[in-house]
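Worksheet: the structure to be examined is printed underneath.
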Amino acid sequence: MPHRPRGPHGVSTVLDGKQGSIMGDFHAAYPGYAATARLDELRAVEYRYLDRDGHVYLDYTGAGLPARSQLRAHASRLHRGVYGNPHSENPTSSASTALVEQTRAAVLRYFNASADEYAVIFTPNATGACRLVGESYPFGRRSRLVLTADNHNSVHGLREYAAKGRARVAYVEVNGSDLRVSDGALLDAIGHGRGSRPGLLAYPAQSNFSGVRHPLSWVGRAQAAGYDVLLDAAAFVPTSGLDLSVVRPEFVALSWYKMFGFPTGVGCLIARRDALERLRRPWFSGGTIRGVSVAGRWHQLLGDEAGFEDGTVNFLSIPDVAVGLDWISEIGIDLIGQRVAMLTAWLLECLGRLRHGSGAPLVRLYGPRNGVSRGGTVALNFLDPDGAIIDERAVSRDASAAGISLRTGCFCNPGAGEAAFGLRRRDLTRARRALLRPGQEGAPIDEYLSLAGMATGGAVRVSLGIASSIEDVESFLDFAERTYRDRYPCLAGLTARHGC
Ligand SMILES: Cc1ncc(COP(=O)(O)O)c(C=O)c1O
């Protein structure tokens with residue numbers, strides 16, 4: 001693999017005062033990394049575009065990356081065959097249907113789910129999967145929706161459906177600097193409802209803000225308490241296996257591009273058939289009905305997955321999901337997970353040790369400081385020599401100039417952001433009042449927050465995945481040291497922030 005140039009000084013001189021290469025230190029600390037060398041070989045061929053074009057890609061929680069062979073498989077399938085709208089029975093339609101059905105079977109196989117127990121519903125993305133559940137779930141006057149605070153906005157949005165159904169919404173807070181949810185708090189939330197009935201628990205298997213992995217054992221515990229569970233697996237499955245014969249949530253939401261980069265525009269709701277039967281769709285559409293009458297004003301929905309797939313599914317891209325799953329299976333999700341875990345632990349260690357010349361820390365980390373029960377997503381801010389947070393927009397600008405792709409802001413995860421920045425409920429209520437003041441409509445969100453006297457800003461997110469290497473981590477550490485050590489950032493020309 002071509003080697004990217006390093007910064008003027010090896011990170012290790014700043015980290016621990018010793019000369020010597022960070023690579024040597026890393027390999028000594030993680031001898032197991034050598035066993036993941038297959039991923040370097042694949043990067044040199046299948047993900048060659050990264051090094052060819054000088055990319056340091058650190059936004060795998062935003063989107064995974066495709067192997068070249070996945071793209072070739074797509075092109076060759078379209079060149080070889082003719083595929084028509086699957087809502088007919090002609091030859092081209094049947095060809096599409098066959099591939100879509102094969103892909104459903106591949107998804108079930110990958111997650112070790114039985115076709116008798118689970119249905120695979122193709123959606124545009126994980127958000128679409130959450131919406132299907134939200135709009136159809138039988139929320140009622142005394143039922144509850146329990147959410148962890150570190151859910152993605154696409155899960156928080158369920159509370160609007162719950163409110164419409166007059167259900168109660170309960171949040172379980174994330175705690176402390178590692179942004180975890182305690183078992184006790186979760187069990188409390190699903191155990192006590194003061195006059196309310198169980199309903200739906202929705203939580204991320206892995207937080208897209210902090211990388212925290214919440215226990216999958218909550219699924220069974222919530223079910224034992226009478227809850228259905230929506231497991232948001234979007235950030236989890238790109239680096240971890242999920243066995244649906246062991247953990248059996250009613251609903252699993254995910255986006256395939258996060259797992260293997262291609263195709264975009266296709267996600268999945270994997271749902272237990274018994275739970276699907278309890279959902280009530282708020283409408284019907286093309287593709288979802290067994291029969292409908294205009295004059296008679298009646299309709300009958302199709303059973304199972306077909307009744308939930310609105311309109312024409314993405315039949316030219318869905319078969320690429322099977323290609324992607326084969327690709328991941330052939331490499332081994334455990335191998336990917338092991339490498340990402342080692343790189344993440346090392347990244348955390350090194351970031352924690354980065355110092356200004358005065359000895360003051362260069363980085364503030366949010367979420368777990370070590371590699372235990374977490375994925376490869378790391379949230380942080382850089383600090384200037386006085387200890388002030390460096391505006392994440394400056395970091396975004398500087399990283400882009402260095403060819404580094406990372407994410408800044410609140411990453412659609414306001415609950416984890418609020419906890420990380422120590423924003424309290426009453427501050428946020430004040431911000432809301434400021435937001436509603438006449439004449440303020442349309443101003444950027446950070447203006448509202450500062451009107452309410454609150455610190456504004458967001459974090460920086462670095463995330464690792466299938467094609468990540470120690471060289472990527474090294475490049476990022478080098479960038480951090482070169483750009484921010486003993487320096488104050490240039491804040492001129494930063495554009496306004498937008499909301500989550
Ligand atoms: C944990 C989590 N859930 C849900 C989503 C929503 O995914 P999509 O935007 O593909 O619908 C994301 C996207 O980042 C995510 O990280």
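Listing for the model above:
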| quantity | calculated |
| --- | --- |
| Of all residues making up the range 149-180, the number that are more than 19 Å from the chain's Cα centre (by Cα), crowded, with 17+ Cβ neighbours inside 10 Å and either within 13 Å of the ligand (Cβ to nearest atom) or without any contact (Cβ under 8 Å) to a residue 12 or more places away in the chain (or both) | 0 |
| Any hit, the range 233-241, residues being of a type outside the set (S, T, N, Q) and either farther than 19 Å from residue 130 by Cα or more than 16 Å from the ligand (Cβ to nearest atom) (or both) | yes |
| Every residue from the range 153-178 that is within 23 Å of residue 258 (Cα to Cα) and either in contact with a strand residue (DSSP E or B) (Cβ under 8 Å, 6 or more places away or on another chain) or hydroxyl-bearing (Ser, Thr, Tyr) (or both) | 154, 155, 156, 158 |
| Residues (more than 8 Å from the ligand (Cβ to nearest atom) and either without any contact (Cβ under 8 Å) to a residue 40 or more places away in the chain or touching a Ser or Thr at 6+ places or on another chain (Cβ under 7 Å) (or both)) located in the range 130-142 | 131, 132, 134, 141, 142 |
| Output for the range 108-126, where each listed residue is under 19 Å from the mean Cα position of the chain (by Cα), outside any strand (DSSP E or B) and either surrounded by fewer than 21 Cβ atoms within 10 Å (Cβ to Cβ) or within 16 Å of the ligand (Cβ to nearest atom) (or both) | 124, 125, 126 |
| Any chance residue 271 is farther than 30 Å from residue 27 by Cα, in contact with a strand residue (DSSP E or B) (Cβ under 8 Å, 6 or more places away or on another chain) and at pLDDT 95 or above | yes |
| Boolean, residue 420 is touching a Ser or Thr at 6+ places or on another chain (Cβ under 6 Å), crowded, with 19+ Cβ neighbours inside 10 Å and at pLDDT 70 or above | no |
| Test: residue in the range 190-210 that is over 23 Å from residue 132 (Cβ atoms) and within 16 Å of the ligand (Cβ to nearest atom) | yes |
| Residue that is touching a Pro at 6+ places or on another chain (Cβ under 8 Å) and away from the ligand (no atom under 16 Å from the Cβ), where the choices are 87, 74 | 74 |
| Set 368, 361, 385: member being more than 16 Å from the ligand (Cβ to nearest atom) and touching a His at 6+ places or on another chain (Cβ under 6 Å) | 385 |
| Qualifying residue in the range 447-465 (condition: over 18 Å from residue 149 (Cβ atoms), modelled with pLDDT of 85 or more, in contact with an Asp or Glu (Cβ under 7 Å, 6 or more places away or on another chain) and surrounded by 14 or more Cβ atoms within 10 Å (Cβ to Cβ)) | yes |
| Test result for residue 220, surrounded by fewer than 19 Cβ atoms within 10 Å (Cβ to Cβ), away from the ligand (no atom under 14 Å from the Cβ) and modelled with pLDDT under 95 | no |
| Single match in 89, 135, 117, 41 (criterion: at negative phi and modelled with pLDDT under 95) | 89 |
| Qualifying residues in the range 223-232 (those that are touching a residue at least 24 places away in the same chain (Cβ under 8 Å) and among the hydrophobic types (A, V, I, L, M, F, W, C)) - the one farthest from the ligand (Cβ to nearest atom) | 225 |
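The values are calculated or read from the model by the stated rules, or taken from the named source; none is laboratory data. Note that this is a predicted model, so its numbers are computed, not measured. When we count neighbours, we look across all protein chains shown, and the Cβ atoms used for this are built from the backbone with ideal geometry, even at glycine.
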